[in-house]
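As structure tokens, the structure follows; a few thoughts come after it.
The values are calculated or read from the model by the stated rules, or taken from the named source; none is laboratory data. Here the structure is a predicted model, which means the values were calculated and not measured. Methodologically, a virtual Cβ is constructed for each residue, glycine included, from the backbone with ideal geometry; neighbour enumeration extends over all protein chains shown.
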């Protein structure tokens, strides 16, 4: 195995991502968990760069590290949290789930291990954004437009969901 | 439908002109038409229905007579078409006109026609008048169809239809509980017999691969069927005849069937349907003749029924029941004749009996019509009031008693001769005793009804209308002269004709008995009449000189030897017991099974519903663990479960 | 050409996916559950992008799909949060094991 | 002439009715009833046309249709495909059952217009869906397709019983669903094993494959599969002791559904036994023939004896159905042409007769509010026409010659007497018992003293005559001229029989 700069970068980013994930599982305060996850998201953006997907990396930072994390923080702020929540829930379930996930990971790992992927030179890193733009506006135009519809629906839906009850409550009072 | 002419042997195609017989299938069709028309339009036709029925049966009658006359000069005619294909088995339907069939056609259509005419008067005013005629049409159709059937299957089909016709007519007064019970009993009792016929027929089929009489007889002749099989099938078929003809173990329905309207009793339970059993045995005679055991069985059952029913007839007080038991007894005679290989004797008596018994029933109907009761204790002295019915009834009584010169005398004589010649001296003796009893109870009936003082409340006693008396007169004439077609004195035309051209039957033709038999028969019947005369007319002999009312013997006989009660206690009770036992199984075992199944399903359901905590995470966890398990197994085994 | 084998990326994605899954199925706090799901989606995106570079026929499609997945995830997060808030308003809790309306 | 679309059209034609119904307002009672009735007509006309097509001497194979549908295989490219095709076909036997289904369904729609008192829209939609299922079951040439249609019949029936039935309708519906669900689960296992082992679910292919001694199934496995099939269809038929669900259904379901249920759904069991049991596993059938004959006789007698003591006329009819299905088993057990043909005849004939009887019972129940024999009596006075038809239907049911019941009973026994005369002889007791219990029940209701409160009840009227007369005419037609049924059957018999070695 050759320690190229690329490899070192990968190792570092991967480590950060995994540590972020583990912290998410083990931290006690909800806010801390979310913050831990920001590291993971950013690290993943780095991984994308390594995979010659600069545009996706940018989107990743914008949406995950930016938008989604902020949304989650708002969610946390708008609700009450008795933070030492981890307690009674079934130990057995956790154990079984852990074993199951371990088995699953192992099985998939065997698949990955035996999976020999050929590598051919690509031009993905050249004008990545241009390529994506061309593809999006030609081949994937319909899914793209549908996505916009989806986002619109999600926007309207969330507003209604979040708002509707308030009105009712107001009616009650 | 393609008609296959196979019954037509060489001579007939040369002689050619068999127009009447060729279309003999029309004969049963006329009454069927009558049935259908009345069924559909009866309500509108009302009383006019009678004319429809009468006209169609008249057509049948005329046609039957023409066919009979044609049959005198022409050989047997028959034709078939394919009715049902079962793979390579081809079952046919068709018709055949042989001597026996032709004779039966005339008897049946004649009696039916007369009864149709008679009923016009008798049933006057009944609100279901058209229905009655419709039923009569159905019955006549079935009976005529039965008579011309060329194969066992078709015979069986019409055999059952005849049973239904009889069932419907017995239950005609459906609102009477007795009628309902009687109809049900008649149907089920005859069905028991029919099953015998059914089994016998099918067994025979697998022996010969055919239902055709001709082929069966050919196979019997050629010795293709083992003797034991012949005996078995013959006896099974005879069971069918036992059911229909009211022979001993299955006779109980026939007296009860008297709940039907009286013309029906005359038609079905005297002249035609009950004779179907005898007819069946007669038309299958070559089969029976091939087995000594079968013949003996028939003879013994016939003789026993004859004396058994006669003894019950001695004490009955219902005019129709007396006649019913006498019918059973006379049918026993016919069976005895056939069982003693007296083919001609049996058929001959069948014919004469049809006439005089129909006469008796119609006359009895006329009496009932006049006095509105069936109990002979409440009659008496009707001779002067019923100027026509009385003498006619007397003619019938004389004929059935076997008084010389009347038709019954000749046929009964021939049966006695057959029994004697057939080597059954004991059966002969039984028959003789039965003849004595017959004479006695018939005259007892006659004296009680027509002579002496009027008992009971008879107010407006009047003779029946013309359309009731004319049929009786015609039958009266026949009851006198029908015997002369086959007598030892004037030639045995009927006997010779019946067995003509049929080798299997030739040896069972007319039987010339010793003269002493004739004398003995005469003496016996005269003795019976004299005894009845002493007891019921002169009353010089007390009615209870032998056995008073209330005596054990009298009670037993009056209750018909408790056969009904016996069945009630054994067969019916057993059936009910089995049914309840099975219900026990159904309720406890099968339902238990059900409960078990339900329990398991419910248990599974409960266990399942515990998993339904409503928490998405649990669901997800369970689903994922399952998936993981599958994936792991998949990974380790490297593919499908092998 | 890259010196890192594709399996490294796939393995990383697998680990992240498992972490996300464990979190989604065990955490009580609904917000965290939602975030865990986001993590799983991210893991999937890594795979998509990986296969857009590696394999016999690399193409931009993988990245495009990753983009779609991201936008759907964003929408999901928004709706999920809206539901969460509505739920909180009714139940005064964000603990997922206290939400069992499906049972009735 | 290409007729391959006709069959799909035939099977799915009720869909048209469903769509139209879906668009109609709930309250339009009359219009819904008319549409529901019209929805059954295309299938009826098409099936009659197919029958005429056959009678004019054309080949029924013209109707066969086969399209690729589902294909899949394992990860290895060299593995063969597992293909589930969309295959419908029509043989003489299937043709008869399809025609029977179409006829009874149409008549049942008429009956439903009479008997269903609420939520007509839902009723007729489910009813038409049920018809699709039934038509599909009888035309499917493929086990998986068969199974799908089989399941389609279960669900609507469940709702039809559970929603529109009498007092204990839910109980009846559940016991129907549980039993038939179990039966179909067993059936599914059999189908899957066959599929996995042979790679095909086409019935004809399977039949040929099984006849081949080198088939990839051991004889033990085949026997096991056959027994499983016997159980699966035994539930449906039903065979003692799997019958108790059917009693509840017959008593609780609305008359129009019972007409379908007893007339056709039970027949799926018989159809399955003949087509799959006898067609695919002839040797195993032969091995167990004696057992099946005994089961048949048990069914026959058990049903008859129990019918003899029932107090509810519907129960009498329910047990009589069990009894009559015994005759189907008897005919099949004979394993000869007469027996099998008798069994098939019995399937059709009992379909018609029981539809007629249950329709009449429905009428009686509606008019008098009771079906207890002891509460009735003397109905011939108040409603002579209905009583007359009831008696005639009873006569048909007890095997009166000249009606369809006799022909089938006769042939079934004819067949069995050749093979197992003793068992058959015991079975003939059933013939007597049938007469006894039917007469007891029917005479108990129609004859005798008239109950005063029933003197004013209405007789049959108007549209009620249609089902009664059509069914009666068919019954008599088959009884008098059985070739209408037997001629389409000859080819079917010829294809089944070689497998039986007889």
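Do the conditions hold for residue D:235, that is, is it within 14 Å of chain B (Cβ to nearest Cβ) and at pLDDT 85 or above?
Yes.
In the range D:486-502, which residue that is under 22 Å from the mean Cα position of the chain (by Cα) and at the interface with chain B (Cβ under 9 Å from one of its Cβ atoms) is modelled with the lowest pLDDT?
Here the answer is D:493.
For residues that are more than 8 Å from every other protein chain (Cβ to nearest Cβ), over 22 Å from residue B:188 (Cβ atoms) and over 23 Å from the mean Cα position of the chain (by Cα), tally how many sit in the range D:409-450.
Residues that pass the stated criteria total 4.
Picking from B:279, B:333, which residue would you name as being within 22 Å of residue B:446 (Cβ to Cβ) and not in a loop (DSSP other than H, G, I, E, B)? Don't jump to the end; show me each part of the working.
Values: B:279 fails: within 22 Å of residue B:446 (Cβ to Cβ).
Selected residue: B:333, the only one of B:279, B:333 that is within 22 Å of residue B:446 (Cβ to Cβ) and not in a loop (DSSP other than H, G, I, E, B).
Take residue B:153 and decide whether it is assigned to a helix (DSSP H, G or I) and within 10 Å of chain D (Cβ to nearest Cβ).
Criteria met by residue B:153.
From the set of residues in the range D:389-408 that are part of a helix (DSSP H, G or I) and within 9 Å of chain B (Cβ to nearest Cβ), which is surrounded by the most Cβ atoms within 10 Å (Cβ to Cβ)?
The qualifying residue surrounded by the most Cβ atoms within 10 Å (Cβ to Cβ) is D:407.
If you check residue D:149 against the conditions, is it at pLDDT 90 or above, crowded, with 24+ Cβ neighbours inside 10 Å and either assigned to a helix (DSSP H, G or I) or within 14 Å of chain B (Cβ to nearest Cβ) (or both)?
The answer is no for residue D:149.
How many of the residues in the range B:400-416 are surrounded by fewer than 24 Cβ atoms within 10 Å (Cβ to Cβ) and outside any loop (DSSP other than H, G, I, E, B)?
Within the range B:400-416, residues that are surrounded by fewer than 24 Cβ atoms within 10 Å (Cβ to Cβ) and outside any loop (DSSP other than H, G, I, E, B) number 1.
Sort out which residues of the range B:208-233 are under 25 Å from residue B:83 (Cβ atoms), touching a helix residue (DSSP H, G or I) at 6+ places or on another chain (Cβ under 6 Å), assigned to a helix (DSSP H, G or I) and in contact (Cβ under 8 Å) with a residue 24 or more places away in the chain, and write them in order of number.
Scanning the range B:208-233 gives B:216, B:217, B:220, B:233.
Return only the number of the condition from (1) within 14 Å of chain B (Cβ to nearest Cβ); (2) within 30 Å of residue B:633 (Cα to Cα); (3) modelled with pLDDT under 85; (4) surrounded by 15 or more Cβ atoms within 10 Å (Cβ to Cβ) that residue A:113 does not satisfy.
So residue A:113 meets the others, but not (4).
Yes/no matrix, rows are residues, columns are (1) at pLDDT below 85; (2) buried (at least 24 other Cβ atoms within 10 Å of the Cβ):
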residue: B:167; (1), (2): no, yes
residue: B:183; (1), (2): no, yes
residue: B:195; (1), (2): no, no
residue: B:205; (1), (2): no, no
residue: B:221; (1), (2): yes, no
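Is it the case that some residue within the range D:371-381 is surrounded by 24 or more Cβ atoms within 10 Å (Cβ to Cβ), within 11 Å of another protein chain (Cβ to nearest Cβ) and not in a helix (DSSP H, G or I)?
No; the residues of the range D:371-381 include none that is surrounded by 24 or more Cβ atoms within 10 Å (Cβ to Cβ), within 11 Å of another protein chain (Cβ to nearest Cβ) and not in a helix (DSSP H, G or I).
Has the range D:193-210 got any residue that is surrounded by 17 or more Cβ atoms within 10 Å (Cβ to Cβ), under 18 Å from the mean Cα position of the chain (by Cα) and modelled with pLDDT of 85 or more?
no
Looking at the range D:197-217, which of its residues are under 14 Å from residue D:280 (Cα atoms) and outside any helix (DSSP H, G or I)?
D:200, D:201, D:202, D:212, D:213, D:215, D:216, D:217
For the range A:126-151, enumerate the residues that are facing another protein chain (nearest Cβ under 9 Å) and either loosely packed, with under 12 Cβ neighbours inside 10 Å or outside any helix (DSSP H, G or I) (or both).
Across the range A:126-151, the qualifying residues are A:139, A:140, A:148.
Using the structure shown, decide if residue B:81 is closer than 30 Å to residue B:205 by Cα and surrounded by fewer than 24 Cβ atoms within 10 Å (Cβ to Cβ).
yes
(1) over 18 Å from the mean Cα position of the chain (by Cα); (2) under 27 Å from residue D:204 (Cβ atoms); (3) assigned to a helix (DSSP H, G or I): which one isn't true of residue D:124, the others all being true?
Looking at each condition in turn, residue D:124 falls short on (2).
Which helices (runs of 4 or more DSSP H) sit wholly inside the range D:3-116 and have at least 3 residues that are touching a strand residue (DSSP E or B) at 6+ places or on another chain (Cβ under 9 Å) and modelled with pLDDT under 85?
So the answer is D:4-12.
Given C:10, C:48, C:41, C:25, which one is within 12 Å of the chain's Cα centre (by Cα) and either crowded, with 21+ Cβ neighbours inside 10 Å or touching a residue at least 12 places away in the same chain (Cβ under 8 Å) (or both)?
Residue meeting the stated conditions: C:41.
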